[in-house]
1. Calculate how steeply helix A:37-52 sits against the longest principal axis of the alpha-carbon atoms of chain A, using the helix alpha-carbon long axis, and give the answer as 0 to 90 degrees to the nearest 10.
2. Ignoring ligands and nucleic acids, what accessible area does A:GLU107 show with a 1.4 Å probe (Å², nearest 10)?
3. What distance in nm separates the simple spin-label points at A:GLU19 and A:ILE147, each placed 7 Å from Cα in the Cβ direction?
4. Short version: ³J(HN,Hα) in whole Hz for each residue of the stretch A:21-27, in order, from phi by Karplus 6.51 cos²θ - 1.76 cosθ + 1.60 (θ = phi - 60°), x for Gly and Pro, what are they?
5. Is there a simple number for the mean count of other chain Cβ atoms within 10 Å of the Cβ of residues in B:111-120, and what is it?
6. Suppose a student asked you for the relative contact order of chain B, using Cα pairs under 8 Å spaced at least 6 residues apart; what percent would you report?
7. Would you mind counting up the charge near B:PRO111? Only other residues with Cβ under 14 Å from its Cβ, with Lys and Arg at +1 and Asp and Glu at -1.
8. Accessible surface of B:CYS167 in the full protein assembly, 1.4 angstrom probe, to the nearest 10 Å²?
Amino acid sequence: MDNKIRKPITTIHSSLPEECEAPNNQMEKESLITSNLKYLILGVLFGIVFVKAEIISWYRIQEMFRLHSFHMYGVIGSAVVVGMISVWLIRRFNIKTMKDETVVFHEKKFHWGNVIGGLIFGLGWALTGACPGPLFAQIGSGFIVVIVTLLSAIAGTWMYGLLRDGLPH
Amino acid sequence: MLEIIRQPWPWYVAGPLIGLTVPALLLIGNKHFGISSSLRHICAACIPANISFFKYDWKKEAWNLFFVAGILLGGVVASQLLSNPDPIVVSPATTQALEALHIPVDNNLMPSAIFSVENLLNLKGLFFFIIGGFLVGFGTRYAGGCTSGHSIMGLSTFQWPSLVATCCFMLGGFAMVHLVFPWIMSIIA
C-alpha cells in the first residue's frame, strides 16, 4: 500500500469522566441483538480462558499479593505484551475494522481518581478475589453467592455516580 | 486433547489469549476492551435515578453487556464441560498462611470457608461480598477502569495514567492482604 494515501491514525483527546471509558467507536449503527451476538461469543471464549487459567480463583489472587506464585504476573504481563504488539501492528499498518473503519484510540488523561479509586479497587480485588470480569465468570462457574458481590459492585458504581461531583479528581 | 484442555492452563497460554481480546474487539467493531464499564451500563439501564453520570445512550454500549453475559456463559461451559478433575494446586506458602487465618484450602477454585451461602448473612458475607463488591464497583469507576481497561488496554496503548492506576491496584491489594486482612479475620473469628 502506498504510504502517502495512508490516512492519519485517529487519536481522540478526550477524558471527560462523563464519557464511557471503554467506548464503542464504530460509526455504523448496529442492531441491538444480532450484531452484538459476536461479542457474546467472544465473551464466552474469554470466560473459558478465565476459568481454565484459574484467574477467577480467590487463591490465585492471594498468591499474587503474597508473592507466592508467578502465575498471575505471567498472565497479566504476557497479555499486556500481546496487546502492545497488536496495537502497534494496527497502528503501523493502519489495519481497518471489519466495517472498514479506522481504529480509534483514546488518550487517557490523568486524574486523582486513578490513584484513589485504584487503591480502593485494589482493596476490593484482594477481598473478593475478583476484578469485574472474573465476577461474572465466578457466577457462571456455580459460585452463586458471588451474585451478591456483583450486586454490591453495581451499587458501588452507582454510589460513585451519585457522589462524583464531590470527589477529588 | 480434551484431557489436556481440562488441565489448568499455564500463564503463557492464557495471558496471550487474553491479550488477543484487545485487537479482536478493536477489529471486530472499534470497541475498547474494558469490563468495569458494564457495571455503569447496568446502572444506566436499570437505576439511572436522574444522575448525570448515568444519562447517556447505554444501548450504544450494549456490546459490553453482551460481552460480560458471554463471560458468565463461558464460566458455565468451562465448569460444566471442561472442569479440572483434580483438586486445585495452591502454593504451600499461601496454603500455610491461609490455614493460619482459618481458611483451609479445599478442592475447588474458591474456598468454601468464605464463598458459601451460609455466610450470606454473617460478618464474612458482610466483608467478602458486600464490602468487597462495593469497593470493586466504586473503585473501578472512580479509577476510570479495572484490570482490563487500565492494566491491559491502557498499558497496551502506552497510557501513563493507566500505569499509575495499575500500580495503585497492586498497592491496594498488597495493603489488603498484608495489613487489613489479618485484622478482618480476627474480627470474624
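1. 40 degrees
2. 80 Å²
3. That separation, rounded to one decimal, is 3.7 nm.
4. Those phi angles translate into 7, 10, x, 8, 9, 6, 6 Hz.
5. Values: counts 5, 1, 0, 5, 9, 3, 3, 1, 2, 3.
Mean number of neighbouring Cβ atoms from other chains: 3.
6. Working: 115 pairs, mean separation 44.7, N = 189.
For chain B, the relative contact order is 24 percent.
7. Working: positive: A:ARG60, B:LYS124; negative: A:GLU54, A:GLU63, B:GLU99, B:ASP106, B:GLU118.
In short, -3.
8. Per-residue accessible area (B:CYS167): approximately 70 Å².
The values are calculated or read from the model by the stated rules, or taken from the named source; none is laboratory data. Being a predicted model, the structure only gives us computed values, none of them experimental. When we count neighbours, we look across all protein chains shown, and the Cβ atoms used for this are built from the backbone with ideal geometry, even at glycine. With ligands, DNA and RNA removed, areas are computed over all heavy atoms of the protein, side chains included. Shrake-Rupley method; radii C 1.70, N 1.55, O 1.52, S 1.80 Å.
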